[in-house]
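Report on the structure given below.
The values are calculated or read from the model by the stated rules, or taken from the named source; none is laboratory data. The shown structure was predicted, so the numbers you read here are calculated from the model rather than taken from an experiment. Cβ atoms come from the backbone with ideal geometry, glycine included; neighbour counts cover every protein chain shown. Each accessible area value is taken on the protein alone, full model and side chains, heavy atoms only, with ligands, DNA and RNA left out. Shrake-Rupley method; radii C 1.70, N 1.55, O 1.52, S 1.80 Å.
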Amino acid sequence: MSSKALAFTVQAECTVTKARAGLMELPHYKVRTPVFMPVGTQGTMKGILPEQLESLDCEIILGNTYHLGNRPGTEVLSKAGGLHKFMGWNRALLTDSGGFQMVSLLKLAEITEEGVKFRSPYDNSEIMLTPEKSIEIQNCIGADIIMQLDDVVQTTFNDYDRIKEATERTSRWLDRCLKAHKRPTEQNIFPIVQGLLNAELREKSAKEHMTKDVNGFAIGGLSGGESKDDFWPMVTLSTDILDKNRPRYLMGVGVAIDLVVCVALGVDMFDCVYPTRTARFGCALVNKGQLNLKQKQYETDLNPIDKDCTCSTCKNYTRAYLHCIVTVETVACHLLSVHNIAYQMRLMRTMRDCIQKGTFPEFVKQFVKEAFPDGNYPTWVINSLNSVGICIDIDKNKN
């Protein structure tokens, strides 16, 4: 490991698309990319223990700066020796900056050049989260990768002046974050490319961030309710600009078809609450989307969720058993979370293998066919894949 806190090696590139397989060496673990990062907002994964995550081949997870800064707080985390030790996780960690709470807790927040003033949802106290404070908390948490504080606007917002203000402020806040960073040889700050759905602003943001001495980049301001036809061009615009020799992290994306398409568009890292959140609603992830195990059709179905899945849930439990307990018994959330994270890990592992073997385009075509067995492929899937050389033959694949 060099004096830098991250070393990234592109090990294989798809000759057709922008997909690549890499190795990201971090202080706590070597992470293979493309990678999906499950979200442990409060330093815990809902329904899963850290040792189970390890057994599922999970190499990096995400924590939330705003929530961890509130509870347990920096004093407890400092005494514990950082979040790794506090939660018993020995592999890599990434923390967000707290910026997303500008959207999710908007009614409780006031945004100025200084930072974001929050009304705590825990005790109603007033909190000022500045770029400097965000980095101070993240330095205390000790994650391998930390995020700059960005000015976050709801993706579907269409006030150009506000979007421009947020994009330019994000760049100014990046400089403040880099200046405040106290552990540059142990932790990596990733700038966040903003600009929402405005190509000109997004291009300007990406190019400006490229001038900074950083080890990777995040693509923000997407996956917030916009149409997929608007989403994918902003992803590919970003990956076209951002350095090929540094990892690219697309924030908040976790649905399988989105992962497959965005890997083809050149993204290396993803995170989302989707696998564990959908588990709490009784849904299991499969290639064609998800199985809602609450549905009566599974009442007498003695098959596993997925006969090809090797997770402990699929090995030991049937759809009928899960149908009886989903959304009723706590253990059901645990069992489905295990399967759903196993599914995400297997999907990413398969894509890595296919990129290395030179069979990624064939994998993508087969995946799309399985995801949409009726042949009614979404326009955005066809167009996005066509933009990187994968032609989905609609008529040929229709049943």
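How about the range 131-149: which of its residues are assigned to a loop (DSSP other than H, G, I, E, B) and either open to solvent by 10 Å² or more (accessible area, probe 1.4 Å) or of a type in the set (G, A, S) (or both)?
Taking the range 131-149 and keeping what is assigned to a loop (DSSP other than H, G, I, E, B), we get 142-144, 148-149.
If the condition is that a residue be assigned to a loop (DSSP other than H, G, I, E, B) and either open to solvent by 10 Å² or more (accessible area, probe 1.4 Å) or of a type in the set (G, A, S) (or both), then G142, A143 are the ones that fit.
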Just the residues that are surrounded by fewer than 23 Cβ atoms within 10 Å (Cβ to Cβ) and not polar (S, T, N, Q), please, taken from the range 299-310.
E299, D301, L302, P304, D306, K307, D308, C309
Tell me, please, whether a residue that is touching a Lys or Arg at 6+ places or on another chain (Cβ under 8 Å), farther than 30 Å from K18 by Cβ and without any contact (Cβ under 8 Å) to a residue 60 or more places away in the chain can be found in the range 265-280.
no
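For (1) modelled with pLDDT of 80 or more; (2) in contact with a helix residue (DSSP H, G or I) (Cβ under 6 Å, 6 or more places away or on another chain); (3) in a loop (DSSP other than H, G, I, E, B); (4) open to solvent by less than 10 Å² (accessible area, probe 1.4 Å), each residue gets a yes or a no:
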| position | (1), (2), (3), (4) |
| --- | --- |
| P72 | yes, no, yes, no |
| V76 | yes, no, no, no |
| K79 | yes, no, no, no |
| F86 | yes, yes, no, no |
| W89 | yes, yes, yes, yes |
| T95 | yes, yes, no, yes |
| G99 | no, no, yes, yes |
| M102 | no, no, no, yes |
| K107 | no, no, no, no |
Can you find a residue that is over 24 Å from the mean Cα position of the chain (by Cα), farther than 24 Å from F231 by Cα and not in a loop (DSSP other than H, G, I, E, B) anywhere in the range 297-309?
yes
For Y249, state whether it is out of contact with any Asp or Glu (no Cβ under 6 Å at 6 or more places or on another chain) and open to solvent by less than 10 Å² (accessible area, probe 1.4 Å).
yes
How many of the residues making up the range 213-245 are open to solvent by less than 60 Å² (accessible area, probe 1.4 Å), closer than 23 Å to L23 by Cβ and assigned to a loop (DSSP other than H, G, I, E, B)?
5
Taking only the range 263-290 into account, find how many residues are part of a strand (DSSP E or B), aliphatic (A, V, I, L, M) and crowded, with 21+ Cβ neighbours inside 10 Å.
3
What is the residue count in the range 331-351 for residues that are open to solvent by 20 Å² or more (accessible area, probe 1.4 Å) and within 25 Å of the chain's Cα centre (by Cα)?
5
Which numbered condition in (1) surrounded by 17 or more Cβ atoms within 10 Å (Cβ to Cβ); (2) at pLDDT below 95 is the only one that N188 fails?
(2)
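Could you count how many residues in the range 15-34 are β-branched (V, I, T) and either open to solvent by 10 Å² or more (accessible area, probe 1.4 Å) or in a helix (DSSP H, G or I) (or both)? Spell out how you get there, then give the answer.
Filtering the range 15-34 down to residues β-branched (V, I, T) leaves 15-17, 31, 33.
Retained after the next criterion (residues that are either open to solvent by 10 Å² or more (accessible area, probe 1.4 Å) or in a helix (DSSP H, G or I) (or both)): 15-17.
So the answer is 3.
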Which ones in the range 310-330 are aliphatic (A, V, I, L, M) and outside any loop (DSSP other than H, G, I, E, B)?
A320, L322, I325
For the range 367-399, what are the residues that are more than 24 Å from the chain's Cα centre (by Cα), part of a helix (DSSP H, G or I) and closer than 25 Å to P275 by Cβ?
K369
Determine whether I392 is open to solvent by less than 50 Å² (accessible area, probe 1.4 Å), modelled with pLDDT under 95 and more than 21 Å from Q295 (Cβ to Cβ).
yes
